[in-house]
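Structure first, commentary second.
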Amino acid sequence: MPAPVTILLVEDDAVIRRSVTMALERYGYRVTAAADGLTGLELFREGRHDLLLLDVMLPGLDGIGLCRRIRETSVDPVLMMSARGDVLDVVSGLEAGADDYVVKPVDTAVLVARIRSLLRRATFTPAPGPAAGPVADRPGLSDQPDPPDRSGRPGRDRHARLVFGDLVIDTGGLEVFRAGEPVALAPTELRLLLEFAANPGIVLDRQTLLRDVWDYGWDGDSRVVDLCVQRLRKKIGAERIETVRGFGYKLRR
């Protein structure tokens with residue numbers, strides 16, 4: 001049997017902490033809970049968790065600060081919880097590196113749906129692209145195989161590498177390099193980049209990205225898309241993703 005998914009819940013309200021823990025455990029998740037940000041940071045450093053569920057308003061170290069500390073060393077999925085849903089809370093959480101957010105009180109079914117969506121993003125394998133002609137005729141694909149690694153073994157199949165200027169995306173190994181240096185992307189950032197790379201030069205609107213990247217089956221908050229694009233630009237180059245005002249975004253070829 002596969003090991004149960006482990007969630008680190010950091011919530012200072014004892015009633016909410018207990019009810020969320022019980023609800024998630026009914027769905028088969030294993031929950032580790034903390035009542036403040038510093039304790040949550042200690043638990044994060046001590047063990048491995050598949051997903052982190054953080055309240056914004058926490059004593060000591062708030063959820064925004066905790067998310068930033070987590071992002072210093074980890075790309076694990078982070079879901080923020082805001083009691084008010086204020087724009088400032090939402091924007092601050094997403095800018096700190098959170099993948100998504102929910103507003104309390106949140107329905108258990110909605111919370112579990114968001115958790116499942118984040119976990120799918122963290123573990124997905126991209127579908128192989130359709131067969132096409134020679135590599136040199138296929139936009140974005142490298143016409144050279146990867147160089148051998150330090151052990152002398154040959155590199156990966158060249159068809160798994162998408163090249164956009166100094167940006168290289170290894171779709172097989174789910175790795176990204178910029179000017180030869182590895183780029184650490186959170187699961188949502190990586191999936192967003194792969195979505196752009198699969199449609200180079202094509203404008204993708206926010207609702208399409210919410211559906212295909214965030215797995216939203218309903219209208220979501222487009223700020224999630226905008227803030228994730230902003231974070232992605234900082235890592236791969238602001239000029240690589242172009243804003244088409246009134247429509248959406250596109251990856252420059």
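The values are calculated or read from the model by the stated rules, or taken from the named source; none is laboratory data. Since we're looking at a predicted model, the values are computed, not measured. Glycine gets a Cβ as well: all are built from the backbone with ideal geometry, and neighbour counts include every protein chain shown. For the accessible areas, the whole protein counts, side chains as well, though only heavy atoms, and no ligand, DNA or RNA atoms are used. Shrake-Rupley method; radii C 1.70, N 1.55, O 1.52, S 1.80 Å.
List of remarks:
- Criterion: in a helix (DSSP H, G or I), open to solvent by less than 90 Å² (accessible area, probe 1.4 Å), small (Gly, Ala, Ser) and at pLDDT 75 or above - qualifying residue of 136, 113: 113
- Looking across region 1-39, just one residue is among the aromatic types (Phe, Trp, Tyr) and either open to solvent by 50 Å² or more (accessible area, probe 1.4 Å) or within 18 Å of residue 69 (Cα to Cα) (or both), and that is 27.
- Subset of region 181-210 [under 14 Å from the mean Cα position of the chain (by Cα) and aliphatic (A, V, I, L, M)]: 183, 184, 185, 186, 190, 192, 193, 194, 209, 210
- Neighbours by Cβ (under 7 Å, 6+ apart or cross-chain): first from region 3-30, under 13 Å from residue 51 (Cβ atoms); second surrounded by 17 or more Cβ atoms within 10 Å (Cβ to Cβ) and aromatic (Phe, Trp, Tyr): 4/29; 5/29; 7/29; 8/44
- Where residue 105 falls short, out of the listed (1) open to solvent by less than 40 Å² (accessible area, probe 1.4 Å); (2) assigned to a loop (DSSP other than H, G, I, E, B): (1)
- If you go through region 38-63 and keep only what is part of a loop (DSSP other than H, G, I, E, B) and touching a residue at least 60 places away in the same chain (Cβ under 8 Å), you end up with just 50.
- Filtered by the rule that a residue be under 28 Å from residue 115 (Cβ atoms), assigned to a strand (DSSP E or B) and among the aliphatic types (A, V, I, L, M), region 157-203 gives 169, 176.
- Pair list, Cβ < 8 Å and 6+ apart or interchain, from region 181-204 residues that are under 14 Å from residue 122 (Cβ atoms) and polar (S, T, N, Q) to residues that are assigned to a strand (DSSP E or B) and open to solvent by less than 30 Å² (accessible area, probe 1.4 Å): 188/100
- Positions within region 196-253 being acidic (Asp, Glu), loosely packed, with under 14 Cβ neighbours inside 10 Å and modelled with pLDDT under 90, in sequence order: 219
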